[in-house]
Amino acid sequence: MVATGPAASGGLDAHGRRPRALVITDDVLTGQMAGPAIRARHIAEALTSVAEVVLATTSGSCELPSSAFVAEAADERRFEELERWCDVAVIQGYVLHNVPVMRRSDKRIVFDLYDPVHLEALELTSGIPEPERSFHVGNSVRTLEEQLLRGDFFVCASDKQRDFWLGFLAAAGRVNPRTYEGDPTLRRLIDVVPFGLPDAPPVHTRPALRGVVEGIGPHDDVVLWGGGVYDWFDPLTLVRAVDALRARRPRVRLFFMGMRHPKPDVAVSPVALATRRLADDLGLTGTHVFFNEGWVPYGERHNVLLEADVGVSLHRDTVETTFSFRTRMLDYLWAGLPVVASAGDSFAELIAAEDTGVVVPPGDVGAVADALDALLADPGRRRRCAARARAVAARFRWSVVSAPLVAYCAAPRPAGDVPRWPGAPGPGGSGTAGARGAAPAVPAPGGLRGVARDVARARRLYAEGGARAVVADARRWLRDRLARR
């Protein structure tokens with residue numbers, strides 16, 4: 001039996017009890033959390049207003065106390081119990097690779113599409129030779145196809161993303177008379193739940209940078225890179241801009257908040273290694289550029305943010321950028337930091353529209369240096385940007401942005417076209433997906449041709465979920481083989 005914390009107000013089901021919601025993430029639930037875990041945690045918290053909630057991670061690490069919901073690290077047997085317990089599950093990313101029981105579940109399932117994993121895969125595999133790279137990216141697409149065929153409800157992070165996913169859903173046959181009838185906007189099929197922010201504004205509680213990090217003093221100009229350093233970002237342009245700027249502003253200091261992902265299985269990215277090398281080569285490390293070797297705890301990030309003068313988010317001009325939602329950019333708004341950001345994503349559009357900073361062309365070192373110089377030289381402008389940023393941040397509070405998902409989980413319902421897992425028997429006969437016709441199954445390892453592809457699949461699973469993901473996949477393959485005998 002699963003017990004949750006104190007009940008909040010919420011709807012009752014036909015049996016006179018509150019709905020039971022299971023939120024699953026592959027990321028660690030500890031003091032040091034990356035975006036997926038942060039999002040899962042706050043979604044779980046928001047759902048307590050209408051449901052009993054369990055937040056479970058596949059990672060094996062959970063140190064997240066809560067009086068409102070249960071948070072735990074679950075193994076395969078525990079996930080089987082949780083699947084039987086829940087009425088609705090909220091799933092993100094590659095979770096299905098590590099939780100095979102959910103692949104057979106007939107419960108209501110919400111897929112969180114805030115992270116376009118197949119576009120990230122194009123960046124993450126850029127150094128992998130063919131055919132392994134194409135197989136890796138193709139498997140990301142098949143993972144999404146499986147979700148889009150099965151989901152009862154979907155959420156994403158922006159209206160631009162929603163347009164993108166509607167195209168995917170239409171290609172999968174999910175935009176049809178049954179989902180359209182009575183819902184011509186298709187908001188009952190897919191809606192927008194951006195990344196969010198705490199309702200309360202940040203309050204500085206202790207020194208974190210100035211006078212704490214050797215080389216960063218009380219009167220220095222502090223430029224902050226929030227969050228991790230991944231291959232789709234462009235920290236190299238920022239380091240070069242600081243190198244160009246230091247002659248004009250000798251006190252400029254750039255601080256990277258996190259160089260190593262809190263999940264131990266995630267390797268340091270090539271661009272992070274290149275950023276270190278560049279800072280070393282330019283003689284900036286320890287004087288003008290500083291690296292946090294670990295990861296700033298989630299509950300301590302406000303102290304770092306509130307000691308900075310400008311926040312930066314730079315990326316290259318790619319399709320991943322076009323449909324991304326830069327989660328740590330919200331923290332800049334929350335802390336009232338003016339922002340220098342590359343053009344091309346939805347946040348750059350927001351910064352330009354709300355005048356909360358400066359938007360620069362991707363890869364333009366001079367433009368970045370000039371933008372930083374202009375903001376650092378003008379305290380009045382920074383204050384005006386800060387006031388506007390805090391006003392925008394209020395629109396992104398978790399209590400506001402989670403409303404469509406909370407409404408769905410208060411009364412979870414099947415999609416109008418009765419979605420099914422790919423390959424599941426439907427009204428049209430064996431191997432169909434209900435009203436949508438035949439659906440391709442995600443291939444098991446035994447169905448792949450050649451040792452090279454098996455090895456590539458194992459590498460990809462390990463990169464995404466560590467050894468646990470590889471073992472879970474092998475177990476699924478063995479069960480499938482035994483079931484076919």
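The values are calculated or read from the model by the stated rules, or taken from the named source; none is laboratory data. The shown structure was predicted, so the numbers you read here are calculated from the model rather than taken from an experiment. Glycine gets a Cβ as well: all are built from the backbone with ideal geometry, and neighbour counts include every protein chain shown. The area values use the complete protein model at the heavy-atom level, side chains included, leaving out ligands, DNA and RNA. Shrake-Rupley method; radii C 1.70, N 1.55, O 1.52, S 1.80 Å.
Using a 1.4 Å probe over the heavy atoms of the protein chains, calculate the carbon and sulfur portion of the accessible area of the range 217-279 as a whole percent. Can you show the working numbers first?
Numbers: 1310 of 2340 Å².
Summing carbon and sulfur atoms, their accessible area is 56 percent of the total for the range 217-279.
Using the alpha carbons of the range 179-241, what is the convex hull volume per residue in cubic angstrom, as a whole number?
192
I'd like the distance between the alpha-carbon centres of the range 204-230 and the range 161-187, rounded to an integer number of Å.
If we compute the Cα centre of each part, the gap is 45 Å.
Let me check I've understood the local charge: for residue 240, count other residues with C-beta under 12 angstrom from its C-beta, Lys and Arg +1, Asp and Glu -1. What total comes out?
-3
Can you divide the C-alpha Rg of the range 170-276 by 2.2 N^0.38 Å and report the result to two decimal places?
On the way: Rg = 22.0 Å, N = 107, 2.2 N^0.38 = 13.0 Å.
Rg over 2.2 N^0.38 Å, computed on Cα atoms: 1.69.
Between the range 293-364 and the range 81-97, how many Å separate their Cα centres?
One Cα centre to the other: 31 Å.
Find how much the distance from residue 204 to residue 187 grows on full extension, using 0.36 nm per residue of separation minus their present alpha carbon separation; answer in nm with one decimal.
Residue separation times 0.36 nm, minus the Cα-Cα distance, leaves 2.2 nm.
How much length would be gained if the chain were fully extended between residue 67 and residue 103, taking 0.36 nm per residue of separation minus their Cα-Cα distance, in nm to one decimal?
10.0 nm
Roughly to the nearest percent, how much of the accessible area of the range 62-149 is carbon and sulfur, given a 1.4 Å probe?
Ligands and nucleic acids excluded, carbon and sulfur give 50 percent.
Can you compute the radius of gyration and Dmax for the range 200-328, using only the Cα atoms, both in Å?
14.5, 42
Roughly how many Å² is the accessible area per residue of the range 209-355, as a whole number, for a 1.4 Å probe? Working shown, then result.
Details: 5100 Å² over 147 residues.
Dividing the accessible area of the range 209-355 by its residue count gives 35 Å².
For the range 87-147, how big is Rg over Rh, using alpha carbon atoms and the Kirkwood form of Rh?
Values: Rg = 13.2 Å, Rh = 12.6 Å.
We get a ratio of 1.04 for the range 87-147.
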